[in-house]
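A.B. asks: Before I ask anything, let me first share the structure, which is written out below as structure tokens.
The values are calculated or read from the model by the stated rules, or taken from the named source; none is laboratory data. Model, not experiment: these values are computed from the prediction. In this analysis, Cβ positions are derived from the backbone assuming ideal geometry, glycine residues included, and neighbour counts consider all displayed protein chains. Note: accessible area is taken over every heavy atom of the protein model, side chains too, but ligands, DNA and RNA are not part of it. Shrake-Rupley method; radii C 1.70, N 1.55, O 1.52, S 1.80 Å.
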Amino acid sequence: MAQNIYDQADFYEGYGRLPRSLYGLDGAAEWPAITALLPELAGKRVVDLGCGFGWFCRWAAGQGAKSVVGLDLSENMLARARKETDNPAVSYAIADLDTLVLPAGSFDFAYSSLTFHYVEDFARLMRVVHDALVPGGRFVFTIEHPIYMAPTNPGWALDETGRQTWPIDSYSVEGERRTDWLAKGVIKHHRTIGTTLNTLIDTGFRIDRVVEWRPTEEQIRKQPELDVEKERPMILIVSVQR
């Protein structure tokens, strides 16, 4: 079973203070880049893997999706999602993505935001998603960029000129990473870009687009604190088709 960090009180409290928790999709700087890759959702059956507070589920339903299923391991996250959702097209369920089973051909579109780096067996999950999509079904997901999560002790450093840099070690050493982010001992699973993309190819997906996200200059003008994100990619966005 995956680590249920979002139901730990200290982590959940800290996560609830993040902009993306307070303002939803508008609080996620990568959202405009994601929307550029999303297909038309009207009349589609959608699944959100690691739905959290349900922001995307409600958005997809607002776009006319026929049905939206939000899956998450956290009781806390789903309780808030249910409280803030009043669209009958949206439903939520507890699910561990490490052991997930979905009916074959049950969805037209799958989505996931910043969740798969918590999944140990990525290849297994990709097979489940592939089989759950209809032929031609689309799948868009984001993960922490492997450059961002590879270091064994992630964090900024200053070089001799005073410039912030992001030191990388053990990039090719895949596997578990333990970090202290909002709580101690958060478990993530590092995979290289090559492993991530080749797993999708080997599963049978066709890769449509890969985005190593960075903020636009307009975003930086509005939020100067985003300027540091140009120094290293934090988020990887991938769009594929079954």
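A.B. asks: With respect to the numbered conditions (1) open to solvent by 60 Å² or more (accessible area, probe 1.4 Å); (2) out of contact with any helix residue (DSSP H, G or I) (no Cβ under 8 Å at 6 or more places or on another chain); (3) free of Cβ contacts under 8 Å to residues at least 40 places away in the same chain, which one is the sole condition not fulfilled by Gln223?
C.D. replies: Tallying (1) open to solvent by 60 Å² or more (accessible area, probe 1.4 Å); (2) out of contact with any helix residue (DSSP H, G or I) (no Cβ under 8 Å at 6 or more places or on another chain); (3) free of Cβ contacts under 8 Å to residues at least 40 places away in the same chain, Gln223 fails exactly one: (3).
A.B. asks: Can you find a residue that is among the hydrophobic types (A, V, I, L, M, F, W, C) and at pLDDT below 95 anywhere in the stretch 123-141? Write out each step before concluding.
C.D. replies: Our first condition is that a residue be among the hydrophobic types (A, V, I, L, M, F, W, C); within the stretch 123-141, this holds for 123, 125-126, 128-129, 132-134, 139-141.
Then drop every residue that is not at pLDDT below 95, which leaves none.
Checking the stretch 123-141: not a single residue is among the hydrophobic types (A, V, I, L, M, F, W, C) and at pLDDT below 95.
A.B. asks: A further question on this structure: Within the stretch 49-57, identify whether any single residue is within 19 Å of Ser106 (Cα to Cα) and either β-branched (Val, Ile, Thr) or more than 14 Å from the chain's Cα centre (by Cα) (or both), and answer yes or no.
C.D. replies: Within the stretch 49-57, not a single residue is within 19 Å of Ser106 (Cα to Cα) and either β-branched (Val, Ile, Thr) or more than 14 Å from the chain's Cα centre (by Cα) (or both).
A.B. asks: To continue, here is another question. Can you run down the residue pairs with Cβ atoms below 9 Å, 6 or more apart or on separate chains, where the first is in the stretch 99-118 and farther than 25 Å from Thr179 by Cα and without any contact (Cβ under 8 Å) to a residue 40 or more places away in the chain and the partner is exposed (fewer than 15 other Cβ atoms within 10 Å of the Cβ) and of a type in the set (Gly, Ala, Ser)?
C.D. replies: none
A.B. asks: Still on this structure, I have one more. Given the residues Val210, Val240, which is the only one that is open to solvent by less than 30 Å² (accessible area, probe 1.4 Å) and closer than 19 Å to Val129 by Cα? Lay out the reasoning, then the answer.
C.D. replies: Details: Val210 fails: open to solvent by less than 30 Å² (accessible area, probe 1.4 Å).
Result: Val240 is the single residue among Val210, Val240 that is open to solvent by less than 30 Å² (accessible area, probe 1.4 Å) and closer than 19 Å to Val129 by Cα.
A.B. asks: A further question follows. Just checking, how many residues over the stretch 73-89 are hydrophobic (A, V, I, L, M, F, W, C), free of Cβ contacts under 8 Å to residues at least 40 places away in the same chain and open to solvent by 20 Å² or more (accessible area, probe 1.4 Å)? Step through it out loud before you land on a result.
C.D. replies: Let us first name the residues in the stretch 73-89 that are hydrophobic (A, V, I, L, M, F, W, C), namely 73, 77-79, 81, 89.
Then keep just the ones that are free of Cβ contacts under 8 Å to residues at least 40 places away in the same chain; that gives 78-79, 81, 89.
Going one step further and asking which of them are open to solvent by 20 Å² or more (accessible area, probe 1.4 Å), we end up with 79, 89.
Qualifying residue count, the stretch 73-89: 2.
A.B. asks: Checking Thr142 against (1) in contact (Cβ under 8 Å) with a residue 60 or more places away in the chain; (2) outside any strand (DSSP E or B); (3) polar (S, T, N, Q), only one condition comes out false. Which one?
C.D. replies: Condition not satisfied by Thr142: (2).
A.B. asks: For Gly70, only one of the following conditions fails: (1) in contact with a Cys (Cβ under 7 Å, 6 or more places away or on another chain); (2) surrounded by fewer than 21 Cβ atoms within 10 Å (Cβ to Cβ). What is its number?
C.D. replies: All conditions are met except number (2).
A.B. asks: Considering the stretch 132-166 alone, what residues qualify as being aromatic (Phe, Trp, Tyr) and either within 21 Å of the chain's Cα centre (by Cα) or open to solvent by 40 Å² or more (accessible area, probe 1.4 Å) (or both)?
C.D. replies: First pass over the stretch 132-166, keeping only residues aromatic (Phe, Trp, Tyr): 139, 141, 148, 156, 166.
Hits for the stretch 132-166 are Phe139, Phe141, Tyr148, Trp156.
A.B. asks: Within the stretch 225-240, which residues are under 18 Å from Thr142 (Cβ atoms) and not basic (Lys, Arg)?
C.D. replies: The answer is Leu226, Glu229, Pro233, Met234, Ile235, Leu236, Ile237, Val238, Ser239, Val240.
A.B. asks: Residue check: is Thr203 open to solvent by 20 Å² or more (accessible area, probe 1.4 Å), of a type in the set (S, T, N, Q), more than 23 Å from Glu30 (Cβ to Cβ) and at pLDDT below 95? Spell out how you get there, then give the answer.
C.D. replies: Details: open to solvent by 20 Å² or more (accessible area, probe 1.4 Å): yes; of a type in the set (S, T, N, Q): yes; more than 23 Å from Glu30 (Cβ to Cβ): yes; at pLDDT below 95: no.
Taking the combined requirement at face value, the residue does not satisfy it.
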